[in-house]
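Engineer: Following this message is one structure expressed as structure tokens.
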Amino acid sequence: MGNIKTLFFFYVLFIPIAGIGQDKTEDPGARTWSHSDGRKIKAGIVDVVDKNVILKTPNGKIGPVKLAKLSKEDQEYIAIWIQNNAVPKGFGKPDTTIEITTLKGEMKYNKPIITVYPGKKIKLILRNQDDMHHNLAITKSGKGKDMKVAQEAWKLGVDGFAKHWIPKHPDLLFASKMADPHSSSTLYFTAPKRTGKYPYVCTLPGHAQVMRGTMIVSKEVNPLSELTFTLFKGSWKKIPDWNQIEPSGTDHVPSGKFDLSCTKEKDSFGIVFRGNIEAPKSGDYIFTVSSDDGSRLLIDRKIVIDHDGIHGDSPKSGKVKLEKGSHHIEVQYFEGGGEESLYVGWKTPDFKKEIPLSVNRRPSGGNSPSGQLLAAEEEARIYRNFIQGAGSRAIGVGYPGGLNLAYDANNMRIAMLWLGDFIDAKRHWNGRGQGYQPPAGESVINGPPGVPFATISDSNESWPDSFIRKENAQLPPIKGGYLFKGYKLTGKERIPTFRYTFGTLSIEDMPSPQGSFESSDVAFTRSIKIKGKPVKNLYFRAAVGQSIELTDNNTYLIDDNTALTFKSEKKPVIRENGGNKELLIPIQFSNDSALIEQTINWQ
Amino acid sequence: MKKIIYSLLITISVSSLALSQNPQEESDHYPIVEIPIPDNIVLEVGGIEILPGKRIAVSSRRGDIYVVEGAYTDDPGDDKWIPWAIGLHEVLGLAWKDGWLYATQRPEVTRMKDEDGDFRADIFESVSSAWGINGDYHEYAFGSRHDPDGNIWVVLCLTGSGGASSDFRGWCVRVTPDGKMLPTTSGIRSPGGIGQNHLGDMFYCDNQGVWNGTSSIKPLPVGGFVGNPTGNKYYELTDAIGKRPEDPKSGSRISTERAKIPELVPPAAMFPHGKLSNSPTGIACDTSGKFGPFTNQLFVGEQTMSTVLRVALEKVNGVYQGAAFPFRGKFKSGNVAVRLGPDGSMFVGGTDRGWGARGGKRFALERCHFNGKKPFEVLQMKAKPDGFEVIFTEPIEEKSGSDIASYKMDSYTYIYQSGYGSPVVDKSNPTIKSASVSQDKKSVYLKIEGLVKGNVHELNLPGIKNVEGKALLHQVGYYTLNEIPEN
């Protein structure tokens, strides 16, 4: 805790700067405070520091007031505030601060989505502008879990209020204390390591139906925040003077990014997006807008890109120097008629790759640089060839929805999974076709090396490499080894099921895509069916990595990039071997068969 | 004056030897029809197979297999192309058997079936993937149809076409019906195609290169060594065909090394480089007799020259040998796959990617057939202890037939060496002493002095006429004389 004067200056300087572009609902609301010198001050609490409370008046003035100078009632109020906003012991410094405000007179949070980085320490301030009490509870990911927790809160009955309406429930992860009307309550928590969507909800009886949102835990942090859009209707040939036109409405952008999904309008309309963008470091930033029709991009209210006029979808870029920190960003757009599209992206000083600030990808004029990208349409696209990372007998599969896989038929394993574009055939389809081609797309995760099944009689026994088939080798003349048997195509999407034998066992391995590249629930499910007379001490090696952690929902986190969950007769075993961690699934036979069901998620 | 006239005549007749085949006249007997390919298909033919019900299957180097309907007509404008399988790894051999389509692709022999009747393969069974592949594009695998025992024969190109970095490169292996791989013949270098003759004996074509002075068609006897020792290190991996043979001495001749190495099998017919062939490929045998007068002879695709050759073989002292003849030119692309249908239709598919071809098109699928008009050709040449018997497709005119000036013979061979290819060496001019026309006028016995065992004997017949006074359609044959018969 520093010198009051320093803090005072900090608040005086900080709030006005942060106040640019912020909507007026940030104001914590007013309560009338009684100063011992007779003054009545209408203000909301911003913070309590040492023996002072920092108050903010509705017209934005901030200043400290000695606690001792306030009425007994006020001091009790402040004591409760401290309880509801205290930093838990040992929490340390938060990595990210997020503010959610409850809308006045409505049972709604001002933000339907927040995004946090996995494992980071979060300070979430719930500012309650309403006349009722509210709280914020974050539950485990999964459909309906928020409602289950809220329903449990109802059952608290007469004890509910005293317990801040926080119930005991296995699906509840974190919950703030209740925020008094026109006050705030702060929730300090560590974001889950497992990426995904975690619902949040107000658990006061009757609130949960409408008062909810989603916390997205993702490595892809959206640098945009507080993004709103204002819709205008009209026919223009150039970007109009927005101040001269009556807007049709303003709202938060549900996707949190620049795109036209926020409106159903197709022709004769305009949108002005406003929000903040967080620059991760100081340096030169290159923004790109691709739009049909005209658009403009402003940073800190200065035009960086002017791409005005009636034109088809085409990109235009502009460079701007930014200091590390938050900046105001505004994108103006209008559509005359015909096709409409909007894309915004940026390149930060670190990255050579352009990062989309829109949900859609940058429309490309053709494939990757003079490539021959293969793609699945309604059916899976198979590509057997030399694939880098999957060996000389690689079988590439591009599934509809932008999920992809490469199978290594030398060792009967899934070598790689990735998202987005499938693979470029240009190398192999031109000239004499020499060499290995890596996957296209992004987010490549590697499957464990070596063969998938082995008998392990004691926990120190290493996973055998005697079955491994080196690339240029003939079939290893090992009795009871692996033999690739091919694949069959089934279903409307004709996805492959890979087949092989291991000794006397016949195995069918069927990976299936779930969701699509753009959706956050993208994953692979996989069923491995084993048939044959039971083999003792048989294990399936599901993962090899530096770190393998069991997290909630029976999920195993592998090296912070892959999450695996299993349905199998026996529980998976984590062991250390050969300097690595391994995840082994013991195989339990019944009626001469066994089944492993696995879900693979990107982290 | 006479001397000058004679020498002029000789000059003219010698220079006429440089004349290519008579392409216009070839089409009088063997017209070619191009089968239209849909715009969205990049065909680059690797394999063709005859299917039941007047359909054919065609595989592409991009790994796709199409079933084509309507390819048999002379006016195939309504041909239908059905994508049967997509995404295999460079299919260079197709075989249909018992409801399954077998494909030899780079990593394995696969068999496929359409289970649900939607005209597309649903099951892909890996029959055998037993050989090594390491990512080098040269490591091609060409596969045959099933032999009478139900085996598919696969010839495996050397790594980089001259090295052996993966197990069993440079070998021919047989894949049995139950998926075992049997190493069969060693000594392969860079195959272009594989096929059986009417007796069920397997042959393949090898390209000029290391240990191959010129391209040729070679037999594949079980346990034999067909010349290139680079892959012989893999005798260590198998007992299937006995001990590793002695390595040949570089710079020698095949006939010399044969005397030292009992396993060494000579080419059945050498194809003089640059004259007849640069890159021979697919092999088809006319067992039906519906493809003209050449029953039981072999037809070989030629990639560089966009032609099809003809090979007439015999066995002398147990060794395959015989003559190679030009047959048909003017195909549209670099011929790779050649298949004969039961009605005598010859389907030829080509590609020129990676290696140029005279034809000009990136890829093509064509149908060549015999239109019933028998061509006037040398049917075959038979080696005799003191010359050759030359048999024609129809009776010849006695006068030209018995005139030794109607013929010219050259003999030469190639160095059998570890270097790439070879110039023509050991040239000689065997003398034709006499030419006796047979009773039925369909053959001539040429008594020749100076035959050389192991050499190519190139016979030119510019002076031969048939009873109508017409010259031969093709006036040259190249006989590889591995053995001279005793009687």
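The values are calculated or read from the model by the stated rules, or taken from the named source; none is laboratory data. Everything quoted here is computed from the prediction, not taken from an experiment. In this analysis, Cβ positions are derived from the backbone assuming ideal geometry, glycine residues included, and neighbour counts consider all displayed protein chains. Keep in mind that these areas ignore ligands, DNA and RNA; they rest on the heavy atoms of the full protein, side chains included. Shrake-Rupley method; radii C 1.70, N 1.55, O 1.52, S 1.80 Å.
Engineer: Condition first: under 34 Å from the mean Cα position of the chain (by Cα) and polar (S, T, N, Q). Can you find one or more residues in the stretch A:87-99 that meet it?
Structural biologist: Yes: the stretch A:87-99 contains one or more residues that are under 34 Å from the mean Cα position of the chain (by Cα) and polar (S, T, N, Q).
Engineer: From B:ARG106, B:ARG62, grab the single residue that is under 22 Å from B:CYS205 (Cβ atoms), touching a residue at least 12 places away in the same chain (Cβ under 8 Å) and within 14 Å of another protein chain (Cβ to nearest Cβ).
Structural biologist: It is B:ARG106.
Engineer: If I filter the stretch A:492-502 for residues that are more than 13 Å from chain B (Cβ to nearest Cβ), open to solvent by 10 Å² or more (accessible area, probe 1.4 Å) and over 36 Å from the mean Cα position of the chain (by Cα), do I get at least one hit?
Structural biologist: Yes, the stretch A:492-502 has at least one match.
Engineer: Report the residue count in the stretch B:133-151 for those that are modelled with pLDDT under 95 and either small (Gly, Ala, Ser) or in contact with a helix residue (DSSP H, G or I) (Cβ under 8 Å, 6 or more places away or on another chain) (or both).
Structural biologist: 1
Engineer: Looking only at residues in the stretch A:311-350 that are over 26 Å from the mean Cα position of the chain (by Cα) and among the acidic types (Asp, Glu), which one is surrounded by the most Cβ atoms within 10 Å (Cβ to Cβ)? Full working, then the answer.
Structural biologist: Of all residues in the stretch A:311-350, those over 26 Å from the mean Cα position of the chain (by Cα) come to A:311-321, A:332-340.
From what's left, among the acidic types (Asp, Glu): A:313, A:335, A:339-340.
Values: A:ASP313: 15, A:GLU335: 26, A:GLU339: 11, A:GLU340: 19.
Within the stretch A:311-350, the match that is surrounded by the most Cβ atoms within 10 Å (Cβ to Cβ) is A:GLU335.
Engineer: Write out, first by first residue and then by second, each pair whose Cβ atoms fall under 9 Å of each other, whose residues are 6+ apart or on separate chains, and whose first residue, in the stretch A:464-477, is away from chain B (no Cβ under 14 Å) and over 15 Å from B:ASN134 (Cβ atoms) while the second is open to solvent by less than 50 Å² (accessible area, probe 1.4 Å) and not in a loop (DSSP other than H, G, I, E, B).
Structural biologist: A:PRO464/A:ALA454; A:PHE467/A:PHE453; A:PHE467/A:ALA454; A:PHE467/A:TYR482; A:PHE467/A:PHE502
Engineer: Check every one of the strands (runs of 3 or more DSSP E) wholly within the stretch A:514-603 and list those with 2 or more residues that are closer than 19 Å to A:TRP418 by Cβ and in contact with a Pro (Cβ under 7 Å, 6 or more places away or on another chain).
Structural biologist: By residue number, A:523-531, A:538-545.
Engineer: In this structure, does B:LYS97 turn out to be modelled with pLDDT of 90 or more and open to solvent by 50 Å² or more (accessible area, probe 1.4 Å)?
Structural biologist: Values: modelled with pLDDT of 90 or more: yes; open to solvent by 50 Å² or more (accessible area, probe 1.4 Å): yes.
For B:LYS97, the condition - modelled with pLDDT of 90 or more and open to solvent by 50 Å² or more (accessible area, probe 1.4 Å) - is met.
Engineer: Let me ask something additional. Give all pairs with beta carbons closer than 7 Å in which a residue from the stretch A:422-449 that is at the interface with chain B (Cβ under 8 Å from one of its Cβ atoms) and touching a residue at least 40 places away in the same chain (Cβ under 8 Å) meets a residue that is open to solvent by 20 Å² or more (accessible area, probe 1.4 Å) and charged (D, E, K, R); count only pairs at least 6 apart in sequence or on separate chains.
Structural biologist: A:TRP429/B:ARG62; A:GLY435/A:ARG427
Engineer: Could you tell me which of the residues A:LYS531, A:LYS485 is open to solvent by 50 Å² or more (accessible area, probe 1.4 Å), within 13 Å of another protein chain (Cβ to nearest Cβ) and out of contact with any helix residue (DSSP H, G or I) (no Cβ under 7 Å at 6 or more places or on another chain)?
Structural biologist: Selected residue: A:LYS485, the only one of A:LYS531, A:LYS485 that is open to solvent by 50 Å² or more (accessible area, probe 1.4 Å), within 13 Å of another protein chain (Cβ to nearest Cβ) and out of contact with any helix residue (DSSP H, G or I) (no Cβ under 7 Å at 6 or more places or on another chain).
Engineer: How do the pairs read when you match residues in the stretch B:258-270 that are within 16 Å of B:GLU314 (Cβ to Cβ) with residues anywhere that are open to solvent by 20 Å² or more (accessible area, probe 1.4 Å) and of a type outside the set (A, V, I, L, M), using Cβ under 7 Å and keeping only pairs 6 or more apart or on different chains?
Structural biologist: B:VAL265/B:PRO221; B:PRO266/B:ARG258; B:ALA268/B:TYR320
Engineer: Only residues that are away from chain A (no Cβ under 14 Å), in a loop (DSSP other than H, G, I, E, B) and open to solvent by 10 Å² or more (accessible area, probe 1.4 Å): list them for the stretch B:301-355, please.
Structural biologist: Of everything in the stretch B:301-355, those that are away from chain A (no Cβ under 14 Å), in a loop (DSSP other than H, G, I, E, B) and open to solvent by 10 Å² or more (accessible area, probe 1.4 Å) turn out to be B:THR304, B:MET305, B:ASN317, B:GLY318, B:LYS330, B:LYS332, B:PRO342, B:ASP343.
Engineer: Scan the stretch B:275-297 for residues that are among the polar types (S, T, N, Q) and assigned to a loop (DSSP other than H, G, I, E, B) and jot them down.
Structural biologist: B:ASN278, B:SER279, B:THR287, B:SER288, B:THR295, B:ASN296, B:GLN297
Engineer: Another question about this same structure. Mind listing whichever residues of the stretch B:171-191 are surrounded by 19 or more Cβ atoms within 10 Å (Cβ to Cβ), more than 17 Å from the chain's Cα centre (by Cα) and within 13 Å of chain A (Cβ to nearest Cβ)?
Structural biologist: Within the stretch B:171-191, B:TRP171, B:VAL173, B:VAL175, B:MET181, B:PRO183 qualify.
Engineer: Same structure, new question: Can you name the strands (runs of 3 or more DSSP E) wholly within the stretch A:243-306 that have at least 1 residues being under 16 Å from A:THR230 (Cβ atoms) and among the aromatic types (Phe, Trp, Tyr)? Break it down into steps so the answer makes sense when it comes.
Structural biologist: Values: elements: A:249-252, A:269-279, A:283-292, A:295-299.
By residue number, A:269-279.
Engineer: More than 14 Å from every other protein chain (Cβ to nearest Cβ), under 25 Å from the mean Cα position of the chain (by Cα) and polar (S, T, N, Q), is that true of A:ASN460? Give the derivation first.
Structural biologist: Values: more than 14 Å from every other protein chain (Cβ to nearest Cβ): yes; under 25 Å from the mean Cα position of the chain (by Cα): no; polar (S, T, N, Q): yes.
So A:ASN460 does not fit the description; no.
Engineer: Filter the stretch A:287-310 for residues that are of a type in the set (Gly, Ala, Ser) and open to solvent by 10 Å² or more (accessible area, probe 1.4 Å) and give the result.
Structural biologist: Once the filter is applied, which keeps residues that are of a type in the set (Gly, Ala, Ser) and open to solvent by 10 Å² or more (accessible area, probe 1.4 Å), the stretch A:287-310 yields only A:GLY309.
Engineer: Follow-up. If I filter the stretch B:45-94 down to residues being of a type in the set (Ser, Thr, Tyr) and closer than 16 Å to B:ALA121 by Cα, which single residue comes out as most open to solvent (accessible area, probe 1.4 Å)?
Structural biologist: As a first pass, look at the stretch B:45-94 and keep what is of a type in the set (Ser, Thr, Tyr): B:59-60, B:66, B:72-73.
Right, trim to closer than 16 Å to B:ALA121 by Cα and you get B:59-60, B:66.
Numbers: B:SER59: 0, B:SER60: 0, B:TYR66: 21 Å².
Applying the filter and picking the extreme gives B:TYR66.
Engineer: Pairs please, first residue from the stretch A:372-397 and facing chain B (nearest Cβ under 7 Å), second anywhere and of a type in the set (A, V, I, L, M, F, W, C) and open to solvent by less than 10 Å² (accessible area, probe 1.4 Å), Cβ atoms under 6 Å, 6+ apart in sequence or on different chains.
Structural biologist: Matching pairs, first to second residue: A:ILE382/A:VAL397; A:TYR383/A:ILE423; A:ARG384/A:ILE395; A:ARG384/B:LEU88; A:SER392/A:PHE386; A:SER392/B:ILE133; A:ARG393/A:ALA409.
Engineer: So which residues in the stretch A:324-343 are touching a Lys or Arg at 6+ places or on another chain (Cβ under 9 Å) and either part of a strand (DSSP E or B) or modelled with pLDDT of 95 or more (or both)?
Structural biologist: A:HIS328, A:ILE329, A:GLU330, A:VAL331, A:GLN332, A:TYR333, A:PHE334, A:GLU335, A:TYR343 - these are the residues of the stretch A:324-343 that are touching a Lys or Arg at 6+ places or on another chain (Cβ under 9 Å) and either part of a strand (DSSP E or B) or modelled with pLDDT of 95 or more (or both).
Engineer: I'm trying to understand the selection: among the residues of the stretch A:124-139, which are surrounded by 24 or more Cβ atoms within 10 Å (Cβ to Cβ) and part of a loop (DSSP other than H, G, I, E, B)?
Structural biologist: Selection gives A:GLN129, A:ASN135, A:LEU136.
Engineer: Going through A:SER141, A:SER71 one at a time, which residue ends up being over 30 Å from A:PRO223 (Cα atoms), hydroxyl-bearing (Ser, Thr, Tyr) and in contact with a strand residue (DSSP E or B) (Cβ under 8 Å, 6 or more places away or on another chain)?
Structural biologist: Going through A:SER141, A:SER71 in turn, just one is over 30 Å from A:PRO223 (Cα atoms), hydroxyl-bearing (Ser, Thr, Tyr) and in contact with a strand residue (DSSP E or B) (Cβ under 8 Å, 6 or more places away or on another chain): A:SER71.
Engineer: If you check every pair at least six apart or on different chains, which have Cβ atoms under 7 Å apart with a residue in the stretch A:299-322 that is free of Cβ contacts under 8 Å to residues at least 40 places away in the same chain first and a residue that is assigned to a strand (DSSP E or B) and basic (Lys, Arg) second?
Structural biologist: These pairs meet every condition: A:ILE303/A:ARG296; A:ILE305/A:ARG296; A:ILE305/A:LYS316; A:ASP306/A:ARG296; A:HIS307/A:ARG296; A:HIS307/A:LYS316.
Engineer: For the stretch B:220-233, which positions are open to solvent by 10 Å² or more (accessible area, probe 1.4 Å) and in contact with an Asp or Glu (Cβ under 6 Å, 6 or more places away or on another chain)?
Structural biologist: B:PRO229
Engineer: Same structure again: Would you check which residues across the stretch B:358-394 are of a type in the set (A, V, I, L, M, F, W, C) and within 14 Å of another protein chain (Cβ to nearest Cβ) and list them?
Structural biologist: B:PHE363
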